[in-house]
Amino acid sequence: MPRALPKAFAVTVLLAFASPLTAAQATPAPPTPTLPAAEQATVNVIEQALGSVLYIDAFSPGETQGTFSSPLFADPGAQGDEASGSGFFVNAQGYALTNYHVVEGATRLTVTLRGNKQTFTARTVGTAPDFDLALIQVEGVPDTLIRPLALGNSDTLRIGQTTIALGAPFGLQFSATTGIVSATERTIPTGVRGIAQSAIQTDAAINPGNSGGPLLDSAGRVVGINTTIFSPAGAATGVGQSAGVGFAIPINVAAGLLPRLQSGQTILGPVLGVSLAPFDLTDLTEQARQQYKLPRTGALISQITPSGPAAQAGVKGGTTRVPTPVGTVFLGGDVITAINGQTIGSAADLREYLLTRQAGEKVTLTLDRAGQTQTLQVTLAPGTVPGGNR
């Protein structure tokens, strides 16, 4: 039988083996570094808001691009009939806002949420192609995962305010960038018809895949919807990248359309039924204006849509076919100088004004017809999506 060790020796051996582990356990963990208050506030806003952001995969039946598709707006990693973008929840029923060009032409949408491996399906509820906006509803998502973001007031933004852009640049899901409001008085071509509209300019990095994601203020309220970037390099290569000049649709525009989107409408600006000259009258020489009896400003009508609102009201199109550096134009038609008493200085003015009206509404056109003033009333017709309305 082995001889028993002295009790004191046994305790000493036990302590010898135990002491390193005990010492390790007793060592306190390094303290979490304390962030400056402003930085901690930004971290908190981003951490909370990312739970409301959607990563959207849009699948189309073929490889043809939609009327608004562009490498500026799609995930460059997407192949053929798949593109991606971002969105965010706006209410507890699973409705989410995104860009129209993210879901345009898609027959199937899937959504991924941060920290959740499950993929959810979504359906397009309503669209506003002229405003590049769409409302989708995520289906089958648990109520606990629906975290609507509060909407701010884009009309009160000031240059220099902090901005936070959330989304999936280049498919890198749930990314965040920060910057400031760079300008509040910008207009950019927006929607399927490229109508100039107000936009928020920010230097928070926005890249392909950020489209449809929220632009937040420092309190975590949505002030805009990331939509496009200005990228000289992209113009040359076909793949736009952030150059510190990004644009977002003001959230007040989306909020005003939200009830109509939720009711399932396709919202398009109404039309007069005319084709306008692709240049401003200010671009013409004095000789050309005198030859064709044109005023110095206004929206020059090139052609009239047969049986359209303008044709029915007696508006005249051009009759003299003239080739120009920007395409063939028919001169000799009416020039719209005002609508409902509001001065129209250019084609852009007319398009922007029509976005504020609705189909079926009657408007009064003031026309310059070969130097003579005419006044006609026209009933606006519904607009249509180029290439067909989904």
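Values in this text are rule-based calculations from the coordinates and carry no lab data. All of these numbers come straight from a predicted model, not from anything done at the bench. Note: ideal-geometry Cβ built from the backbone for every residue, glycine included; neighbour counts use all protein chains shown.
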In segment 326-357, which residues have a backbone nitrogen under 12 Å from the label point lying 7 Å from residue 282's Cα in the Cα-to-Cβ direction?
-> 345-349
Label-to-label distance, nm, for residues given as residue 59 and residue 320 (7 Å Cα→Cβ offset) = 5.8 nm
Based on the mean of other Cβ atoms within 10 Å per residue, sort peptides 120-131, 290-301, 374-385 so the most packed one is first.
-> 120-131, 290-301, 374-385
Placing each pseudo-label 7 Å from Cα in the direction of the beta carbon, residue 116 and residue 372 end up separated by a distance in nanometres of 6.7 nm
Trypsin sites (Lys or Arg not before Pro) lying in DSSP loop within segment 153-205, provided at most 10 other Cβ fall within 10 Å | 158
Going from the fewest other Cβ atoms within 10 Å to the most, one would list 154, 307 as 307, 154
Counting Lys and Arg as +1 and Asp and Glu as -1, what is the net charge of the other residues whose Cβ lies under 11 Å from the Cβ of residue 201?
-> -1
Cβ crowding within 10 Å averaged over residues, with 314-321, 165-172 ranked highest first | 165-172, 314-321
Identify all aspartates and glutamates with a Cα-Cα distance to residue 316 below 19 Å; exclude those on the same chain that are fewer than 8 residues away in sequence.
-> 280, 334, 368
Amide H proximity to residue 195 below 5 Å, modelled H, separation 5+ or other chain, gives 190
